[in-house]
Amino acid sequence: MKRIITFLIVAASFLPVFAYNRAIVDSLERELSKVTTLEDSLRISFDIFDSSSRGKQYDNARRVLDLASRSGDENAQLSILRSLSTLDNVTDSLFNEYLDIASGLKRSEIREQTILFIKVKQNSEAARTSTVEQSRQRVRELMKRVEVSQGLSIYTRLEVLFTLCAYIEQVSTGELLTDHLQQVGELLDELPDKLDALESLYLTQSSLTYTAMQSLQKAIDADKRLLEHVDQVQEKSKSAGRGFRDFSYTKYTIYRRLLGNYEALTPEEAEEYYQAAREVAQLDPIAKNDFENIRRPDMYYYMSRKEYAKALPLIKHEVKQTDHELLPYVRRLLLNAMIESAKAVGDRDALLDALLTSRALDESEQTRHSAEQFRELQFTYDRNIEKLRGMQVELDKRNAQIANHRMTKILGGVFVFVLLILVFVLMRTWRKARALNKTLAKTNAKLVEERDTLRRIQADLTRTGERARAADKQKEEFINNMSHEVSTPLNAIVEYSHLIVDCIDEDKKPYLTKFARVVKLNTELLLTLVNDVLDLASIDKKTLKIEKQPIVISSLAEVAADTFKGRLQPGVKFINKIKPDDNLLVTTDAKRVTQVLLNLLVNAAKFTSEGTITLDSRLVNDDNFYEFSVTDTGVGIPKGKEEIIFNRFEKLNRFSQGIGLGLAVSRMIATLLGGEVKVDTSHKGVGARFIFTIPVK
C-alpha cells in the first residue's frame with residue numbers, strides 16, 4: 001500500500017508536465033494534418049518525435065523514417081536511425097533492419113559512422129545479455145581480431161574495440177578495459193567530422209568505467225567533456241530547427257555522477273553541480289522524481305560540505321534499499337560515506353553496521369578483484385600463447401624452408417627468451433597477489449578488533465541505560481513519597497493556623513488573621529511547586545491522564561478566578577471578561593484547563609504590582625478552537641525571551657517566587673489537550689499577554 005501511495009504521489013507530480021507535452025504533441029499533430037509538402041511534414045514529425053513520451057517514440061520515429069525516405073533526405077534518415085537504435089527493447093532483427101536501411105544509402109562519412117554506431121549498440125546489447133562464459137569466449141576471439149586489425153579500416157577497428165570493451169566490462173573492470181577504452185578514444189580522434197552520438201557513447205562509457213575503478217579525477221574529466229559536448233549538440237539541434245529536442249535528463253545524470261565523485265571536487269564545483277542538478281529537476285519530471293525521492297544529489301552534496309548529520313539519514317535509507325540492486329562501486333561509495341558520517345556524528349550503531357557490511361563487501365570485492373586479475377592474466381596468457389603458437393608456426397615454416405641448424409638455434413633461443421619473460425611476468429604478478437592477500441589479512445584483523453571494541457562499547461551503553469532507568473524509577477518513587485509527606489503537614493499547618501485565629505479574642509483576630517493568610521499563601525505556593533514537579537514527571541513518563549468531558553466555559557473561568565483572587569498584590573485589579581451566562585460547551589479536561597488558567601493568572605500576579613490583570617476568551621479558527629487570554633500591566637517580557645520562558649527551571653528574575661516550572665508544565669498540558677500556550681508577540685503597550693488555546697471538541 002505504501003508503494004502504491006508513493007507511486008500515485010509521483011504520478012500526480014508528473015501530470016502537469018505530461019499534460020503540457022501532450023498538448024504540444026496534439027498541437028503539432030493538428031499542424032501536421034494541414035501541411036502539404038514532404039519537407040514541412042518531415043520537420044513537424046521530428047518535433048513530434050522530440051516532444052513525445054517514451055511509449056510513443058518508436059511509432060513517431062518510424063513515421064519520421066518513412067517521410068525522410070520518401071523525401072530523399074538521407075541525413076534525416078541516418079539521424080532517426082541512430083535515435084531508433086537508442087530506444088528501449090531494440091531486438092536483434094530491428095538492429096539488422098536499421099543496418100540494411102543505412103547500408104542502402106549513398107556512401108559518406110556520416111553513413112559509415114552511423115553504421116558503426118548501430119553495430120556498436122547491437123553488440124553492446126548482445127554483450128549485456130551474454131553469460132560470463134560467453135563473454136570470456138568473445139573476449140578471446142575479439143582480442144585475436146584486435147591483433148590482426150591494424151591493416152583494416154578505422155571503422156572496422158573501432159567496431160572491434162568498442163565490442164571488445166563491452167564484453168570485457170562483463171567480466172572485468174581493470175586495466176585491460178581502460179587500455180582498450182583509451183585506444184577507442186585515440187581512434188575516435190582520428191575520425192573526420194566525428195559523430196556526436198559516438199563521442200557521447202565513448203565519454204559516457206569512460207566516466208562509468210573510471211568511476212568503477214575509483215579513478216575519480218579521470219571520471220570527472222570525462223563527465224566535464226560530456227557536459228560541454230551535450231551543450232554543443234543542443235546548440236546544433238536548435239540551429240538545425242529541432243527546438244523541441246530536450247537534453248535535461250541527460251545533463252541531470254551527468255551532474256549526479258559528478259556529485260558522486262565529490263571527494264575529487266572542489267567546494268565551488270560541488271556547489272555548482274548541485275545547483276545545476278536542482279535547476280534541471282524543476283524542469284524534467286523524471287529528474288524531479290530522482291531528486292526528491294532517491295535524493296542522491298542531496299546526499300553527495302552534504303558529504304562534500306561535511307554536513308554529516310544531514311547526509312547520514314539519506315545514506316542509511318539508500319544502503320538499506322532492497323527493491324533494486326546497487327552497482328558495486330555505488331555501494332562502496334555509500335558505505336565509505338556512511339562510515340565517515342557515523343564517526344562524525346557519533347552514531348555507533350550505524351558505524352557498526354557500515355563497518356560489518358564494508359568488511360563483507362571488501363571480501364566480496366577482493367574475491368571479485370582477484371578473479372578479474374586472474375581472468376585478465378588468463379587473457380594475457382592466452383594472447384601470449386597464441387602469439388607463441390604463431391611464432392612456432394612461423395619457426396616451423398622457416399625450418400622447412402631453411403635447413404640451417406644455426407638459424408634454428410637462434411629462433412629457439414628467441415622462443416625460450418619470450419617464455420622466460422612470460423614466466424617473469426607471471427611470477428611478478430603472483431608476488432603482487434600474495435602481498436595483496438597479506439594486506440587484506442591485516443585489514444581483516446583490524447576490522448575484527450574494531451568490531452569487538454564497538455561491541456564492548458555497546459554493552460557498556462546497555463548497562464548505563466539500565467542504571468539510568470533504575471535511577472528514574474527511584475526518582476519517581478521519591479517524588480511521589482515527597483508529595484504525600486509534604487502535602488499532609490502543610491495542610492495541617494493551614495488548618496491549625498485558622499484554628500488558632502478562631503480561638504483567640506476578637507480584638508486580636510485581625511492581627512493574627514493576616515499571618516494566617518500569609519501561612520496559607522506560602523503553603524499554597526509550596527504545594528504548587530510540588531504539584532508542578534509531579535505533573536512534569538507524569539508528562540515525561542507519559543502517565544498523565546487526560547479525561548475529557550463536556551464542560552461550560554464560564555464555569556472553568558469562574559473556578560480559576562475564585563482560586564486566584566487571593567494572590568493579587570495590593571493595588572492590582574482583576575477583570576474577568578468571561579460572562580457568567582456564557583453557556584458554550586467544550587469537550588475537554590476541566591481540571592487541566594483550570595490548572596493552566598490558574599498558572600497563567602498566578603504568573604501575571606507575580607509580575608504585576610499595579611494596574612490590572614484581565615481574563616478574556618473568544619472562538620477562533622472557524623469556531624473549532626476556544627482561546628483564553630491573560631493580559632497584565634506588569635513588567636512585560638524582554639524581546640527575544642518569548643520562548644525561553646517556557647523552558648524548565650527558566651526564570652528571568654531569579655528573585656521572583658517559584659522555580660520556573662509553571663509555564664513549562666502549562667505548555668505541556670496544553671499540548672496534551674490538543675492546543676497550545678504562547679506569548680502574544682503582537683501585544684502593544686505595557687505588560688504581557690499569554691494565549692491559551694484548546695479545541696472545542
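Nothing in this text is a laboratory measurement; each read-out follows from the coordinates by a stated rule. For clarity, every value in this text was computed on a predicted model and none was experimentally measured. A quick note on method: Cβ atoms are made from the backbone with ideal geometry, for glycine too, and the neighbour counts reach across all protein chains shown.
With r defined as the distance between the Cβ atoms of residue 563 and residue 493 and R0 fixed at 25 Å, what FRET efficiency is calculated, to the nearest 0.05?
Working: r = 19 Å, r/R0 = 0.77.
About 0.85, to the nearest 0.05.
Here is the list for segment 588-697: chymotrypsin sites (Phe, Trp or Tyr not before Pro) lying in DSSP coil, each with at most 14 other C-beta atoms within 10 angstrom of its C-beta, are 649, 655.
Taking each of 606/697; 316/438; 224/288; 565/591; 320/446 in turn, the alpha-carbon distance tops 29 angstrom for 606/697; 316/438.
Loop-only trypsin sites (Lys or Arg not before Pro) in segment 145-252, please: DSSP not H, G, I, E or B, and at most 14 other Cβ atoms within 10 Å. Counting only loop positions with at most 14 other Cβ atoms within 10 Å, the trypsin sites (Lys or Arg not before Pro) in segment 145-252 are 194. I want the local charge near residue 33. Using Cβ-Cβ distances under 12 Å, sum +1 for each Lys or Arg and -1 for each Asp or Glu among the other residues. Neighbourhood net charge equals -2. Modelled label positions at residue 309 and residue 229, each set 7 Å beyond Cα in the direction of Cβ, lie 4.3 nm from each other.
How much of the pair distance distribution for segment 18-112 lies past 18 Å, counting alpha-carbon pairs only, in percent? Every Cα pair in segment 18-112 considered, those over 18 Å come to 47 percent. Using a cut-off of 30 Å between Cα atoms, the listed pairs 343/442; 121/238; 144/442 include 144/442 as exceeding that distance.
Considering every pair of different Cα atoms, what Kirkwood radius, in Å, is found for segment 191-240?
The answer is 11.5 Å.
Proximity of backbone amide H atoms, modeled 1.01 Å from N, is registered between residue 636 and 687, 688 at under 5 Å, excluding neighbours fewer than 5 places apart on the same chain.
Give me the orientation-averaged projected area of the Cα convex hull of segment 585-697, in nm², one decimal. Kindly include the intermediate steps, with their values, before the conclusion.
Details: hull surface 28.1 nm².
The Cα convex hull of segment 585-697, projected and averaged over all directions, gives 7.0 nm².
Close amide H partners of residue 574, meaning residues 5 or more places away or on another chain with modelled amide H under 5 Å apart, are 613.
Note on residue 609 and residue 440: the model spin-label points, each 7 Å out from Cα along the C-beta direction, lie 8.2 nm apart.
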